[in-house]
Amino acid sequence: MTLAIDGGTPACNTPWPSWPPPPDDAQRALLHEVVDSGNWGTTSGHHGEEFAAAFAKRHGTEHGVLCTNGTIALFVALRAAGIGPGDEVIIPSYTFVACATSVFLAGATPVLADVDPRHLHLTAETVESAITPRTRAIMVVHLAGSPADMDALMQLAKRHDLLVIEDSAQAHGARYHERPVGALGDISTFSFQSSKAMTAGEGGILCTNDKELADRCWTLCNVGRVRDGAWYGHPFVGWNLRMTELQAALLLPWLDRLDEEIARREQFTQALVAALADVGAPVGLRPDPVGTTVNSRHLLLLELGDDDERFDREWLVEALAAEGLPVDLGYPGLHGMEAIVNEGARVVPTPGIDAAAPRTLWLRQSTLMAAPERAAEVASAFHRVLGDPRARTRT
Ligand SMILES: *Cc1c(COP(=O)(O)O)cnc(C)c1O
């Protein structure tokens, strides 16, 4: 069998679904309505407020505050909680760079903690060893659609009097012990950037059950105003960090199909697990942390081979792309990013990431939206390329 990278026929020969999916009728209608109304900003329209309330409710919380994006949502959460210069915030080192840069924006110090080498999430153990007297908060990331083990993390946070922010940018609709993410910590953030499970191109939201915290977030995102206060009275410092009504028009109808899309990705995932087992390819799904009841399948964290095996992931990405299957290398770990370390992030040992990242590849959400029958093509692509000697590096 000649690999596609060597001129053979690709294992996957029809395109994968695009992301985001094409807009549905409800989105088109609402978008038109908003455009025609002339109320394009949330200071004059009502769709933003409506969406914020519905999204918050869907994620088990009473209050939702919209903002420009997920990075800013993290910054607002920190600032609303009074976290700033001199404070440390523990974040996973295996995450998107925004977790660190939002802490810098608040003037605080990110501490880049290790993650569990099996599922790549923070755990109470990896966080505990990073705590110092200056620690004020833990930013927990629900990575790839599966919730972190929040019960253990919340217990630890309580013992040390720490705020817990759930960065749920990758976990819209996920559930932990049947409870939605977003309501498991003190405050949560979501992103609606183009790559996320719900998107309006850009956008973000903060969710919480703490009314005072929500009000402070609203003030920070609305130029220091208070709700129902004087328009040019600015009793606090804040910025214009608002989303638009046009974005809300794309997002509000999405709530009605989120569960269906999660179910579709789950179906594909289960078909893939079976197909990989069928062909006997040395690759599988990384496990979920304890307590996951709905993994929203934002993307799939794949685990290559066994502990003692080494793979040439760059070659694999190239060879799989030639087979018609886009996969990604995933995060390198923030502790290896010069800009983040030079800016003052505190680095702690990360044996978990260093062991797991070189055996991890990501499968995209858009691929998971395909018909489950196509899982066999994915398995076949992996089977082919992993059977080639170039897939492995000599140690
Ligand atoms: C996407 C993402 C963010 C940032 O969201 P933006 O809307 O792009 O600013 C933060 N954290 C995680 C884990 C993300 O995946």
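The values are calculated or read from the model by the stated rules, or taken from the named source; none is laboratory data. Model, not experiment: these values are computed from the prediction. Positions of Cβ are backbone-derived with ideal geometry, glycine not excepted, and every protein chain shown enters the neighbour counts. Calculation scope for accessible area: heavy atoms of the full protein, side chains included, ligands and nucleic acids excluded. Shrake-Rupley method; radii C 1.70, N 1.55, O 1.52, S 1.80 Å.
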For Leu241, enumerate residues with amide H under 5 Å from its amide H, sequence gap 5+ or separate chain, H modeled in the peptide plane.
Asn222, Val223
Would you calculate the convex hull of the Cα atoms in region 225-286 and tell me its volume per residue in Å³?
170 Å³
Candidates His234, His177, His121; GNM for the chain (alpha-carbon contacts under 10 Å) flags as most fluctuating His234
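Please pull out the direction-averaged projected area of region 54-131, using the convex hull of its alpha-carbon atoms, in nm² to one decimal place. Mind showing how you got there, number by number?
Numbers: hull surface 24.5 nm².
With the hull built on Cα positions only, its mean projection is 6.1 nm².
Expressed as a rounded percentage, what relative contact order does the chain have, with Cα pairs under 8 Å and six or more residues apart?
24 percent
Which semi-axes, in whole Å and largest first, does the equivalent ellipsoid of region 166-254 have when worked out from the alpha carbon gyration tensor as the square roots of 5 times its eigenvalues? Walk me through the numbers before you get to the answer.
On the way: eigenvalues 130, 62, 18 Å².
The answer is 25, 18, 10 Å, longest axis first.
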Give the Rg/Rh ratio for region 1-143, taking Rg as the radius of gyration of the Cα atoms and Rh as the Kirkwood radius, to two decimals.
1.13
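How big is the shadow of the Cα convex hull of region 239-395, averaged over all directions, in nm²? Don't skip to the answer; put the middle values down first.
On the way: hull surface 53.3 nm².
Its Cα hull, projected and averaged over all orientations, spans 13.3 nm².
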Given the C-alpha atoms of region 5-54, compute the convex hull and give its volume per residue in Å³.
156 Å³
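Based on the mean of other beta carbon atoms within 10 Å per residue, what is the order of 86-99, 137-150, most packed first?
On the way: 86-99: 23.7, 137-150: 27.7.
Output ranking for 86-99, 137-150: 137-150, 86-99.
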Relative counts (whole %) of C-alpha pair distances in region 325-379, using bins that are 10 Å wide
19, 35, 25, 16, 5
Taking every C-alpha to C-alpha distance in region 93-249 and binning by 10 Å from 0, the per-bin percentages run 10, 36, 37, 15, 3, 0
What do you get when you divide the Cα radius of gyration of region 132-176 by 2.2 N^0.38 Å, with N the number of residues?
1.20
Build a GNM of the chain with springs between Cα atoms under 10 Å: which of Pro85, Pro289, Pro20 gets the top mean-square fluctuation?
Pro85
Picking from Trp231, Trp40, Trp239, which is most flexible by a Gaussian network model of the chain using Cα springs under 10 Å?
Trp231
Which of the listed residues, Gly238, Thr135, Trp40, is farthest toward the dipole's positive end in the chain, when Lys, Arg count +1 and Asp, Glu count -1 at the beta-carbon?
Gly238
Rg and Dmax of the chain, Cα atoms, in Å?
21.6, 73
Using only the alpha carbons of region 276-315, determine the length spanned along each of the three principal axes and report them from longest to shortest in whole angstroms.
32, 23, 19
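Mean residue ellipticity at 222 nm from the helices of the chain, using -39,500 (n - 2.57) per DSSP H segment of n ≥ 4 over the full residue count, to the nearest 500 deg cm²/dmol? Write out the running numbers ahead of the final one.
Working: 14 runs with 136 residues, N = 395.
Mean residue ellipticity, 222 nm, calculated: -10000 deg cm²/dmol.
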accessible surface per residue for region 115-212, probe 1.4 Å, DNA/RNA/ligands not counted, whole Å² -> 34 Å²
